[in-house]
1. Between B:V107 and residues 5 or more places away or on another chain, which pairs have amide H atoms under 5 Å apart, with H built 1.01 Å from N, and which residues are they?
2. Would you mind checking segment B:40-66 for residues with the amide N under 14 Å from a putative spin-label position 7 Å along Cα→C-beta of B:Q106?
3. Say each of B:S80 and A:R121 gets a label point 7 Å from the Cα, pointing the same way as Cα to Cβ; how far apart are those two points in nm?
4. Any idea what angle helix B:24-44 forms with the longest principal axis of chain B, computed on alpha-carbon atoms, 0 to 90 degrees, nearest 10?
5. Please get the size of the charge dipole for segment A:80-124, origin at its Cα centre, with Cβ charges of +1 on Lys and Arg and -1 on Asp and Glu, quoted in debye to the nearest 20.
6. How much net charge surrounds B:S30 when only other residues with a Cβ under 15 Å from its Cβ are counted (Lys, Arg +1; Asp, Glu -1)?
7. Once you mark the GluC sites (Glu not before Pro) that are in a DSSP loop and have at most 14 other Cβ atoms within 10 Å, what is the longest gap between them in chain A?
8. Go through segment A:56-157 and name the trypsin sites (Lys or Arg not before Pro) that are in a DSSP coil and have 11 or fewer other Cβ atoms within 10 Å of their Cβ.
Number of protein chains: 2
Amino acid sequence: MTRTATPSDPETTAPQALSPQDMVCFSLYSAVHAMSQAYRPHLEKLGLTYPQYLVMSALWAAKAPPTVGMLSRQLQLESSTLTPLLKRLETMGLLTRRRDAEDERQVRIALTEEGHQMQGRTAHIAGCIAEQSGMSVDELLALRDQVSRLRDNLRKG
Amino acid sequence: MTRTATPSDPETTAPQALSPQDMVCFSLYSAVHAMSQAYRPHLEKLGLTYPQYLVMSALWAAKAPPTVGMLSRQLQLESSTLTPLLKRLETMGLLTRRRDAEDERQVRIALTEEGHQMQGRTAHIAGCIAEQSGMSVDELLALRDQVSRLRDNLRKG
DNA sequence: GTCGATTGTATCGCGCGCGATAGATATTCG
DNA sequence: CGAATATCTATCGCGCGCGATACAATCGAC
């Protein structure tokens with residue numbers, strides 16, 4: 001096995017095995033946890049978890065109240081994940097869940113007044129995280145596109 | 001200014017909002033789930049989850065049985081995550097957990113014979129995932145280093 | 001219209017993942 | 001030495017995240 005660009009510590013690793021530090025999948029795995037931790041101090045002031053913040057972001061960006069299925073496709077999460085999460089946000093008074101009159105199978109998710117108003121209180125967060133990332137905007141955008149491409153390819157396979 | 005005058009109007013707030021698809025954090029978040037899904041068919045033949053596979057990878061790469069704390073630092077996971085996970089792997093017969101004689105606070109994690117032998121059955125997986133990623137090896141290594149840099153910066157801040 | 005298939009949500013069980021905390025062992029300092 | 005302090009692991013509660021499953025509403029073929 002050939003040496004990689006950032007080899008593991010030879011003091012603690014066996015030469016023939018690939019350590020987590022060498023793996024692309026681990027870099028993503030650990031980066032997501034670090035990202036969640038970076039958001040935590042900002043979000044806990046709002047009483048939100050990181051996945052809840054993503055759902056709220058989707059709702060803030062939506063032109064009309066989406067269905068559970070639309071959120072599921074956009075966020076790539078199963079209904080078994082979204083339904084309890086949405087119920088918690090509903091209990092917090094941030095959104096409402098209503099069966100669609102046209103198609104009673106679907107559930108429309110609409111922001112409440114309080115849910116809309118929370119958007120303003122999140123406006124500064126992205127900038128804080130970007131600064132903390134130590135990367136330029138161009139680097140971040142390029143990284144986002146590369147990671148999105150990887151994700152889409154993995155989903156197709 | 002005029003926008004904040006009507007913050008609850010979805011017709012005016014939607015265009016200014018950053019959707020999850022625009023965010024670096026979401027690309028990572030969704031890529032990790034896609035990665036876990038890509039590994040799933042391979043790993044469930046071995047009876048492993050994806051985090052369990054990462055722990056096993058760390059153990060395969062280690063020269064000597066690490067402590068829980070060493071695994072915690074390497075994988076960037078809390079003991080509250082690792083302890084139950086390690087107990088499950090111990091129940092499966094893949095490793096042993098023994099208090100260190102030198103320092104009774106520490107717990108040494110050692111692979112069993114079965115645990116060692118499992119490594120061979122995972123040898124093909126990385127290649128399958130790399131192929132499925134649709135990216136070249138150089139691209140993957142560059143991506144790994146960029147993501148690791150982002151993670152390390154976020155951890156420092 | 002009726003029956004079968006499909007679609008959209010919800011429920012359940014299990015494995016993370018972490019903050020808060022507890023408890024035991026080691027270390028440091030007086 | 002002995003007490004305060006630090007370190008290491010484990011426990012608990014809660015929120016994801018998903019596969020499997022259930023169930024109701026809709027659609028399609030006839």
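The values are calculated or read from the model by the stated rules, or taken from the named source; none is laboratory data. What you are looking at is a predicted structure, and each value in this text was computed from that prediction instead of being measured. Glycine also receives a Cβ, built like all others from the backbone with ideal geometry; neighbour counts cover every protein chain displayed. Only protein heavy atoms, including side chains, enter the accessible area calculation; ligands, DNA and RNA are left aside. Shrake-Rupley method; radii C 1.70, N 1.55, O 1.52, S 1.80 Å.
1. Residues meeting the amide H criterion: B:V68, B:G69, B:D100.
2. Under cut-off, by backbone N: B:63-66.
3. 2.4
4. 40
5. Numbers: 8 positive and 7 negative charges, 39 e Å.
Charge dipole of segment A:80-124: 180 debye, to the nearest 20.
6. Working: positive: A:R73, A:R144, A:R149, A:R151, A:R155, A:K156; negative: A:E78, A:D145, A:D152, B:D22.
Once positives and negatives cancel, what remains is +2.
7. Working: sites that count: A:E11, A:E78, A:E102, A:E104.
It runs A:12-77.
8. Working: sites: A:K63, A:R73, A:K87, A:R88, A:R97, A:R98, A:R99, A:R105, A:R108, A:R121, A:R144, A:R149, A:R151, A:R155, A:K156; in loops: A:K63, A:R105.
Sparse-neighbourhood loop trypsin sites (Lys or Arg not before Pro): A:K63, A:R105.
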